[in-house]
Amino acid sequence: MTDDKLNQSFADLGLIPTLVERLTELEYTKPTPIQSHTIPVVLEGRDLIGGANTGSGKTAAFSLPILQKICQQDKQRSRHGNIVSHLVLVPTRELASQVAYNIKSYSYHLRHEIKTTSVFGGVSVNPQMQALRGGSDIVVATPGRLLDLVSSNAIKLNQVQTLVLDEADRMLSLGFTEELNKILALLPEQKQTLLFSATFPEKVASLAENLLNDPVEVQLQSAESSTLVQRVFSVNKGQKTAVLAHLIKENQWRQALIFVNAKNACNHLAQKLSKRGIAAEVFHGDKGQGARTRVLEGFKSGEIQVLIATDIAARGLDIEKLPVVINFDLPRSPADYMHRIGRSGRAGEVGLGLSLIDYDDYHHFKVIEKKNKLRLEREQVAGFEVEDDQNEAYFAPMKPRAKPAGTGKKKKKRLQ
């Protein structure tokens, strides 16, 4: 990244004064690195592959230039029927709602009436069908609900000018490959495509290669990770809840987001924390969409201090200045580790990603470290030190596995 990029303002990126004014009102003091590198590219009409950590400002990076293009096309623009001009695909309901909210906020002062509609599952489809009548400038959608609306003739995709794939890795990991392929087949060949992803496994790389036309690539993961501090605490088996409660009380965190791996584990942990004087709400797939929305709004407003969630919350949640994310259970996927802790330390704020590991977690965390190119010190909490009989497993190097009988002789024969 050059010094020129670091010192740029939003006006330097080519954004119109009305959008710059709105960003100032929202206290966006200067562009984040992903915004500095991508906004000019999108304004030029180029396809784009954007790789950056969660919380890096990707929503503004793609939505601001889209809003500007809509304004500049206003005389030629005609919203009608059930046509959508710009489509943003996201993996979760929460992210769809959040992205649409942000786009509407950015467009607040634009003289041109810009219609942004969000569509996602878990709620009645009828209000969404009504919202799509007359067409939409921007639709933010989850794949499954979008296809439902297409099959009901509530929306047509044959005039999409811009396609945004946000959190592409998460979309594919959640099993949306078939739905995504069906959607892509309905889109016009000539369009601008913007793909954003925090990680680039083989499926994402293949999708990008087949879908994008001569894209500009912007990769900024490593440059933006310094604001997030990662710590690992080794604990005795059966003491995680006690250590967690101690840390919450001792540090007096304004808020804490705690991840577990199962829906019933959310409820169980909330009950155990309640007995220790800590009120916590839960956020998982068994809760209805209305209940999930209320809990999320309560957490965003600060009314809820402690939120216990499954990985449904690992992507798309944007909690301003969230001080800490805690892995009570380690994520099954090493990639999900980064998505979880990325809820803290967003947009340049200092944050903390904290993991609790007991004897059974130790080797899995080594895998997480290896895949994410990390090496973190194992710490202990005063008063909850690991018992002597577990110390070797936590802190000593792994012993080499014994070779199977006869291995040495075979090796000797090959060397002769």
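Just so it is clear, none of the values below were taken in a lab; they were calculated from the coordinates. Every value quoted in this text rests on a predicted model; they were computed, and no experiment measured them. Note: ideal-geometry Cβ built from the backbone for every residue, glycine included; neighbour counts use all protein chains shown.
Couple of notes before you dig in:
- Folded to 0 to 90 degrees: helix 263-275 orientation relative to the chain principal axis, Cα: 70 degrees
- Lys, Arg +1 and Asp, Glu -1 on Cβ, resulting dipole of the chain about Cα centre, debye, nearest 20: 1300 debye
- Extension gain, residue 262 to residue 156, is 34.4 nm, computed as 0.36 nm per intervening residue step minus the present C-alpha separation.
- Largest to smallest principal axis extent of the C-alpha atoms in the chain, angstrom: 75, 68, 48
- Residues residue 297 and residue 130, FRET efficiency given R0 of 25 Å [Cβ-Cβ distance, rounded to 0.05]: 0.60
- Amide H within-cut-off set for residue 358, under 5 Å, with H built and near neighbours excluded: 235
- Dipole orientation for the chain: of the candidates 100, 327, 24, 327 has the Cα lying most toward the positive pole (charges on Cβ; Lys, Arg +1; Asp, Glu -1).
- Full extension of the chain segment joining residue 250 with residue 350 gains 34.1 nm, where the gain is 0.36 nm per residue of separation less the Cα-Cα distance.
- Placing unit charges on the Cβ atoms of the charged side chains and taking the dipole of the chain about its Cα centre, the candidate lying farthest along the positive direction among 109, 70, 197 is 197.
- Of the GluC sites (Glu not before Pro) found in region 140-230, those that fall in a DSSP loop while having at most 15 other beta-carbon atoms within 10 Å are 189.
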